[in-house]
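Asker: A single structure is presented below for examination.
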């Protein structure tokens, strides 16, 4: 991103700037305008959950909530775009302002609250032909009487059009949602969604704010209910030392300050699953070196979002070039060969 473009976007309210970015990216793709050449290298190809990925870099859910920019994000170089979170009914989310840049910390705080135009509207925008893998992230409406039924509805509708579906029970911005991460509710949810997904791979997105006992419980439930991968993890409600003026805002923290906690939780899930569960790393990934470290720690794929705010649209290709160089430097023939090397 040029200094001028960043200055213009950073002069706007964060949520408005985000919406304009998505709209611009979508318009650019529709017009057939050229993007920078995508990084293609056989060392980056991988297969996860019966899906072939051109590279292991994914766009995390939350960036493209309503599936408006899928072709554009694929054109930027992402091997996978995960849209959503989509809820069965349209939802306005929490009052504004609800998205805050922490520039000095290279971080973001959000309390969006699953704002989206609803499942039907989002699925109608999913391109049939696409240049990469497409995941659909589903959640429950804030006022749902039966949240498990909302998830089942989401999985049922999304499975026929997605390459994989993610159950998001880890957002801190919907009251009580994280309660689904333990106990009978967790097993009931996963069992119901396992039936609803048919043959489509099913992923589960978990929070980084978990105790050892909670990690063990989630890992066991995921294995028992045939979950194909765990995304570790979402934003955090914890607050490391921060310098920015917006540090006191409530909501989930993402970006560079989350990296240490995200790495720790990835290691915990690797240990808890005994390497038997596919893991996807998210949280504070902003470079090829960080992506490589997460892969060596046990991640089969990595996802980014907040780093795009500070690194701009060239992030994906820069990260992938550096990752490919690191894999070759250390003698790995593929991403899968490096998973869990440490």
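The values are calculated or read from the model by the stated rules, or taken from the named source; none is laboratory data. What you see is a predicted model; the values in this text were computed from it and never measured. FYI the Cβ positions are ideal-geometry reconstructions off the backbone, even for glycines, and counts take in every protein chain you see.
Asker: In contact with a helix residue (DSSP H, G or I) (Cβ under 8 Å, 6 or more places away or on another chain), within 21 Å of residue 204 (Cβ to Cβ), part of a loop (DSSP other than H, G, I, E, B) and modelled with pLDDT of 95 or more, is that true of residue 67? Outline the logic, then answer.
Answerer: Details: in contact with a helix residue (DSSP H, G or I) (Cβ under 8 Å, 6 or more places away or on another chain): yes; within 21 Å of residue 204 (Cβ to Cβ): yes; part of a loop (DSSP other than H, G, I, E, B): yes; modelled with pLDDT of 95 or more: yes.
When the stated conditions are applied, residue 67 passes them.
Here's the yes/no breakdown for (1) touching a helix residue (DSSP H, G or I) at 6+ places or on another chain (Cβ under 8 Å); (2) in contact (Cβ under 8 Å) with a residue 40 or more places away in the chain; (3) at positive phi; (4) surrounded by fewer than 19 Cβ atoms within 10 Å (Cβ to Cβ):
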| residue | (1), (2), (3), (4) |
| --- | --- |
| 119 | yes, no, no, no |
| 127 | yes, yes, no, yes |
| 130 | yes, yes, no, yes |
| 137 | no, yes, no, no |
| 185 | yes, no, no, yes |
| 188 | yes, yes, no, yes |
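Asker: Given the criterion outside any helix (DSSP H, G or I), touching a strand residue (DSSP E or B) at 6+ places or on another chain (Cβ under 6 Å), modelled with pLDDT of 95 or more and crowded, with 19+ Cβ neighbours inside 10 Å, identify the matching residue among 258, 266, 301.
Answerer: On the way: 258 fails: outside any helix (DSSP H, G or I); 266 fails: outside any helix (DSSP H, G or I).
On inspection, the qualifying residue turns out to be 301.
Asker: Kindly provide the set of residues from the range 38-93 that are on the phi > 0 side of the Ramachandran plot and buried (at least 22 other Cβ atoms within 10 Å of the Cβ), ordered by number.
Answerer: Of all residues in the range 38-93, those on the phi > 0 side of the Ramachandran plot come to 49-50, 62, 67, 77, 84, 93.
62, 67, 77, 84 - these are the residues of the range 38-93 that are on the phi > 0 side of the Ramachandran plot and buried (at least 22 other Cβ atoms within 10 Å of the Cβ).
Asker: Pick from the range 151-164 the residues that are under 19 Å from the mean Cα position of the chain (by Cα) and part of a loop (DSSP other than H, G, I, E, B): which of them is surrounded by the most Cβ atoms within 10 Å (Cβ to Cβ)? Can you show your working first?
Answerer: To start, the set of residues in the range 151-164 that are under 19 Å from the mean Cα position of the chain (by Cα) comprises 151, 154-155, 158-159, 161-164.
Okay, now just the ones that are also part of a loop (DSSP other than H, G, I, E, B), so 159, 161-163.
Values: 159: 20, 161: 15, 162: 25, 163: 20.
Top of the filtered list is 162.
Asker: Condition (residue is in contact (Cβ under 8 Å) with a residue 60 or more places away in the chain, in a helix (DSSP H, G or I) and in contact with a helix residue (DSSP H, G or I) (Cβ under 6 Å, 6 or more places away or on another chain)) applied to the range 273-286: is it met by at least one residue? Explain how you work it out, then say what you get.
Answerer: First, the residues of the range 273-286 that are in contact (Cβ under 8 Å) with a residue 60 or more places away in the chain: 275, 278, 280, 282-283, 286.
Filter once more, so that each one left must be in a helix (DSSP H, G or I): none.
Checked the range 273-286: no residue is in contact (Cβ under 8 Å) with a residue 60 or more places away in the chain, in a helix (DSSP H, G or I) and in contact with a helix residue (DSSP H, G or I) (Cβ under 6 Å, 6 or more places away or on another chain).
Asker: Considering only the range 200-222, state which residues are free of Cβ contacts under 8 Å to residues at least 24 places away in the same chain and either buried (at least 21 other Cβ atoms within 10 Å of the Cβ) or outside any helix (DSSP H, G or I) (or both).
Answerer: 211
Asker: I'd like the full set of residues that are outside any loop (DSSP other than H, G, I, E, B) and closer than 19 Å to residue 283 by Cα, limited to the range 308-342.
Answerer: In the first step, residues of the range 308-342 are kept if they are outside any loop (DSSP other than H, G, I, E, B); the result is 308-311, 315-329, 335-338.
Residues satisfying the conditions are 308, 309, 310, 311, 315, 316, 317, 318, 319, 320, 322, 323.
Asker: A follow-up question, please. Only one of 148, 167 is outside any loop (DSSP other than H, G, I, E, B), in contact (Cβ under 8 Å) with a residue 24 or more places away in the chain and touching a strand residue (DSSP E or B) at 6+ places or on another chain (Cβ under 6 Å). Can you tell me which? Talk me through it step by step, then tell me what you get.
Answerer: Working: 148 fails: touching a strand residue (DSSP E or B) at 6+ places or on another chain (Cβ under 6 Å).
None of the others qualify; the one that does is 167.
Asker: Take residue 113 and tell me if it is modelled with pLDDT of 95 or more, surrounded by 18 or more Cβ atoms within 10 Å (Cβ to Cβ) and either out of contact with any helix residue (DSSP H, G or I) (no Cβ under 8 Å at 6 or more places or on another chain) or assigned to a loop (DSSP other than H, G, I, E, B) (or both). Quick ask: steps written out before the conclusion?
Answerer: Working: modelled with pLDDT of 95 or more: no; surrounded by 18 or more Cβ atoms within 10 Å (Cβ to Cβ): yes; either out of contact with any helix residue (DSSP H, G or I) (no Cβ under 8 Å at 6 or more places or on another chain) or assigned to a loop (DSSP other than H, G, I, E, B) (or both): yes.
Spelling it out, it is not the case that residue 113 is modelled with pLDDT of 95 or more, surrounded by 18 or more Cβ atoms within 10 Å (Cβ to Cβ) and either out of contact with any helix residue (DSSP H, G or I) (no Cβ under 8 Å at 6 or more places or on another chain) or assigned to a loop (DSSP other than H, G, I, E, B) (or both).
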